[in-house]
Amino acid sequence: MTAADVGIELATLDATAQAELVARGDVTATELVTAAIARVEALNPTLNAVITPMFDRALAHAARAPSGPFGGVPFLVKDLALEVEGVRFCEGSRFLRVYVSRYDSELVVRFERAGLVLLGKTNTPEFGMAPACEPLAFGATRNPWDLDRSTSGSSGGSSAAVASGMVAMAHANDLGGSIRYPASACGLFGLKPTRARNPLGPEYGDVASGWAVEHAVTRSVRDSARLLDATAGPAPGDPYWAPPQLRPFADEVGIDPGRLRIGFTARTPDGSPGHADCVAAVEDAAALCASLGHDVVDADLPAFDEETGAAIGTVFNSVTAWVVRYWTERVGREPEPDELDPLTLAYYEMGRQLTAADYLVAIERLQRYSRRVAAFLGPDDGCDVFLTPTMSEPPPPLGEMVSTADDPLRSMRRSSETVRYAGVVANFSGCPAMSVPLWWNDAGLPIGVHFLGRFGDEATLFRLGAQLESARPWIDRLPPFHATTL
């Protein structure tokens, strides 16, 4: 197989299949990486998914014939939270345009120990604080399914890169839906793990009382499971960690999930329906689950009250204030007003008005609500999983979710209309959740469906996800703008 052949084939293979090519000796890691670099160079000028290439570093790493479950497989790191020593680290902010990381994050160490070869850093909104990917620092990332539409976010750069065939999977993280929303918008599988399943060190113990988690967007369920096997587990000094799994997550893929009780709704928390496409997607998924032998019942999560909604806002504003203060201390100066995006400035100002007591009261309220979620997903009379659309409308046109100095909260108002199904419940409850690409609308845009699982129970999600993938395969469904079409 020539390098050119590899480049064509890899654009349609998942990471497990790529690793198998290397393990059999059909190709070398250098050939895989060289082909992936060529795809990034061809696709990125249009998509703007990769904002910091690491090609020389990647080729040097590949030449050492990395081993592990993903030995030699090219991979991209989202430019948020994870640091790679000696590489620019911006978190989507003009304030950090020239900052260079001084260490490797623990998860980066584990990625490379698994054999992954890091090609570069992907685009993200400033500090990840919006379900979009249009930072002023680097510009908008385009959706391969429609170049004029949003990728959602905040893992928009990673999702566009995987959907377009640059790489088979890429790092993503999730504080309020940022793995699952762009997975939905870009037609990918996106699993948000249980709180503290992956480590955040050495710099962080947790972020926002455990809301933030690290993992990836992938083309296949098995890649997600195998990658989580390679990275999961506490690091020394972590304040807490997720319950250990009974067996490797990869072994769950292909196991019959049994007859699950699946609660589902197309209603948003305020009782109104989402967009007709999202309603159609979830009704189709519910019918598919019923056809596979599951008990599918109409259900709603415990109702949000006004205090719960306000508590969520308090946490997001507090996190923004913390992030800006954190970077002010690391950089050694305050950001200039024109170094932060208007939305960040607005959140920062609101966050600075809050007290430590305000934050802790909000956390307590959300922990009380989380106990109601745990009862709803209880092992006795509760649901095993809860199904909704992932997003509440298809990906909107680019530019609609960009704030301005005159209207700094424009992004918040418009983007909140796209995520009204409260994916953030998985973050503050700590529960795992996944977005599964089962449905496309008449315009050819992917509309993901969302499954919320029990705390610590990724196993059921991987089993169900693999069952759905087998019943309704999606890996061969490629967007119009893809490596195979250039």
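The values are calculated or read from the model by the stated rules, or taken from the named source; none is laboratory data. Every value quoted in this text rests on a predicted model; they were computed, and no experiment measured them. Note that we place each Cβ from the backbone using ideal geometry, even for glycine, and neighbour counts take in every protein chain shown.
On the given criteria, is GLU134 among the acidic types (Asp, Glu) and farther than 22 Å from PRO480 by Cα?
no
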Out of THR404, THR355, THR390, THR460, sole residue that is in contact with a Gly (Cβ under 7 Å, 6 or more places away or on another chain), over 17 Å from ILE179 (Cβ atoms), among the β-branched types (Val, Ile, Thr) and modelled with pLDDT of 95 or more: THR460
What is the number of the single condition among (1) touching a residue at least 40 places away in the same chain (Cβ under 8 Å); (2) aliphatic (A, V, I, L, M); (3) under 29 Å from GLY165 (Cα atoms) that ALA242 does not meet? (3)
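Among the residues of region 61-78 satisfying the criterion of being of a type outside the set (A, V, I, L, M) and touching a Gly at 6+ places or on another chain (Cβ under 7 Å), which is nearest to PRO135 (Cα to Cα)?
Out of the qualifying residues, it is LYS78.
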List every residue pair whose Cβ atoms lie under 8 Å apart, where the two residues are 6 or more positions apart in sequence or sit on different chains, the first residue falls within region 302-316 and is of a type outside the set (Lys, Arg) and at pLDDT below 90, and the second residue, located anywhere, is part of a loop (DSSP other than H, G, I, E, B) and surrounded by 13 or more Cβ atoms within 10 Å (Cβ to Cβ). ALA303/PRO269; PHE304/PRO269; PHE304/ALA422
Mind checking whether some residue in region 6-16 is within 23 Å of HIS482 (Cβ to Cβ), polar (S, T, N, Q), modelled with pLDDT of 95 or more and not in a helix (DSSP H, G or I)? yes
Give region 372-388 a look and list any residue that's over 11 Å from GLY263 (Cβ atoms), touching a helix residue (DSSP H, G or I) at 6+ places or on another chain (Cβ under 6 Å) and of a type in the set (Gly, Ala, Ser), or say none. none
If I filter region 462-486 down to residues being in a loop (DSSP other than H, G, I, E, B) and among the charged types (D, E, K, R), which single residue comes out as surrounded by the fewest Cβ atoms within 10 Å (Cβ to Cβ)? ASP476
Just checking, does region 407-427 include any residue being modelled with pLDDT of 95 or more, surrounded by 24 or more Cβ atoms within 10 Å (Cβ to Cβ) and of a type in the set (Asp, Glu)? no
Inspect all residues belonging to region 309-330 and state whether any of them is assigned to a loop (DSSP other than H, G, I, E, B) and either crowded, with 19+ Cβ neighbours inside 10 Å or out of contact with any Ser or Thr (no Cβ under 6 Å at 6 or more places or on another chain) (or both). no
Criterion: within 21 Å of LEU464 (Cα to Cα), surrounded by fewer than 24 Cβ atoms within 10 Å (Cβ to Cβ) and modelled with pLDDT of 95 or more - qualifying residue of ASP229, ASP238: ASP229
One residue from GLY71, GLY128, GLY115 being within 24 Å of TRP211 (Cα to Cα) and touching a residue at least 40 places away in the same chain (Cβ under 8 Å): GLY128
Could you pull out every one of the strands (runs of 3 or more DSSP E) wholly within region 136-240 that has 1 or more residues that are β-branched (Val, Ile, Thr)? 213-218
Condition (residue is more than 21 Å from SER470 (Cα to Cα) and either β-branched (Val, Ile, Thr) or surrounded by fewer than 21 Cβ atoms within 10 Å (Cβ to Cβ) (or both)) applied to region 189-199: is it met by at least one residue? yes
List pairs: first residue in region 88-110 and touching a residue at least 24 places away in the same chain (Cβ under 8 Å) and closer than 28 Å to GLU336 by Cα, second residue of a type in the set (D, E, K, R) and outside any loop (DSSP other than H, G, I, E, B) anywhere in the structure, Cβ distance under 6 angstrom, at least six positions apart or on different chains. GLY92/GLU126; SER93/GLU126; ARG94/GLU339; PHE95/GLU339
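Residues of region 259-298 being part of a loop (DSSP other than H, G, I, E, B), closer than 30 Å to ALA443 by Cβ and modelled with pLDDT of 95 or more, which ones?
Within region 259-298, THR265, ALA266, HIS275, LEU292, HIS294 qualify.
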